[in-house]
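Derivation of every value follows stated rules applied to the coordinates shown; laboratory data play no part. Being a predicted model, the structure only gives us computed values, none of them experimental. Cβ sites come from the backbone with ideal geometry, for glycine too, and all protein chains shown count toward neighbours.
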Amino acid sequence: MMNLLKKLAACGLSLTMILSLAACGGTDDTSSGESGGEPVKYLIGISQYGQHGSLDNCREGFLQGLEQAGLVEGTDFEVDYQNANFDDNQATQIGQMFSAEDADLMVGIATNSAIACFNAAEDKDIPVIFTAITDPVGAHLDAGNITGTSDALPVEGQLQLIRALQPDADTIGIVYTTSEANSVYSISVYEELATDYGFTIDAVGVTSQAEVTQAVDTLLSHGVDCLSNLTDNNVVGVLGAILEKTDEAGIPVYGSEVEQVKLGCVGGAGLDYIQLGIQTGLMAAKVLTGEAACEDLPYETIENYGLYIMGTDGKAVLVCRVKEKGSVYVREYLEQIHLSAPWMAIGYSAENRQAFGAYEKSETIAKIIAKKDKMMSQFPF
């Protein structure tokens, strides 16, 4: 990676910005810098809003996409990767730093980082690529020298999965950040589709990550039957603390992607963020090489998603891949879902899942079949 402090000083950035970026620990030097021979062609600034599994996978997939397009790190491009630690001020400073560095391309992973990069890039007309944004239109990132990929949630698949595992459930609790356009949009989709599957949505808004666990307490006091996560960074960032509370209350939590299931959610209809990143990297390669301008590339939405279940061993199980968000596939996989998560047939609790081996297989399978038959008659499709 290029010597960051020299570049900052040469560009006349303030000492305050230098110290704040150094203090936040945002620099994770993954770039190769000059490789001892010819200088690299392109400098790519990657601003990641925070560190958790799905955003990390986006970044990893993005680099894979560049590689698939024939671009070699250290020869064709170098990366200045910065982590904003879920802090809007840091995200703004990172975007300004990339602009001062005259980056050839800025990449914003998650809405707040993308907005900060876009604002910083406008004066110099630096192209910006985004990923992990649910609603680019609502975030006003659908026009200008910017494009990327959307991670709009397969909400209908999630509702089907919850109904499959909890045929008697009535209320789904959701915690969301009121200032996060993606989350507000996703809540509206949940509320629009929930009644089709016999659910009501109890949504509690927060303004910061510090309020999330208190919001979970509020939902548990309301008697919700389960929680369903969005790709809300404030919420996902404290998922471990959420799961401690819900496990104690015996309330399942459904994730919005596989990394959340790996952390302890009972299941989820979620996107493959590695694949989303690859798709984004392929778009970025076209912009870098001059094959296309951002204005010529409408933002793209990944259509495939997977149905994931936490198995009895605590590991995420991919039940199936769904090729189109609008297609209804859950009914075809009900028996497989229940065999993957048989502990749901005897009532959710962390203890039931962990102690499942103590149950006689024949008795459990009988319960699964009985519950599946009841559930099949209740499905609205």
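Odds and ends about this structure:
- Extension gain, T200 to T301: 0.36 nm times the residue separation minus the Cα-Cα distance gives 33.6 nm.
- The amide H of E73, built 1.01 Å from its N in the peptide plane, has no neighbour under 5 Å, considering only residues 5 or more places off or on other chains.
- Legend: Rg and Dmax of the range 80-153, from Cα coordinates, 11.2, 35 Å.
- Taking T149, T200 and counting other C-beta atoms within 10 Å, the order from fewest to most: T200, T149
- Remark: the range 211-219, residue by residue, has Karplus-estimated 3J(HN,Hα) of 8, 5, 5, 5, 5, 5, 4, 4, 5 Hz, where x stands for each Gly or Pro and the curve is 6.51 cos²θ - 1.76 cosθ + 1.60 at θ = phi - 60°.
- Among S186, S256, the order by Cβ neighbours within 10 angstrom, fewest to most, reads S186, S256.
- Given their separation in residues at 0.36 nm each and the Cα-Cα distance between them, E248 and A293 gain 11.0 nm when the chain is fully extended.
- Karplus 3J(HN,Hα) series, Hz, for the range 100-112 with 6.51 cos²θ - 1.76 cosθ + 1.60 (x for Gly, Pro): 5, 6, 6, 4, 7, 7, 10, 10, x, 9, 5, 4, 5
- Placing a label point 7 Å from the Cα of A210 along the Cα-to-Cβ direction, no residue of the range 77-103 has a backbone N closer than 13 Å.
- Our coupling estimate for the range 205-210, obtained by passing each phi through the Karplus curve with A = 6.51, B = -1.76, C = 1.60 and θ = phi - 60°, is x, 10, 10, 7, 5, 5 Hz, Gly and Pro reported as x.
- Stretching the chain fully between A143 and E191 yields a gain of 14.5 nm (0.36 nm per residue, less the alpha carbon separation).
- With a cut-off of 14 Å between beta carbons, the residues surrounding G148 carry a summed charge of -4, where Lys and Arg count +1 and Asp and Glu -1.
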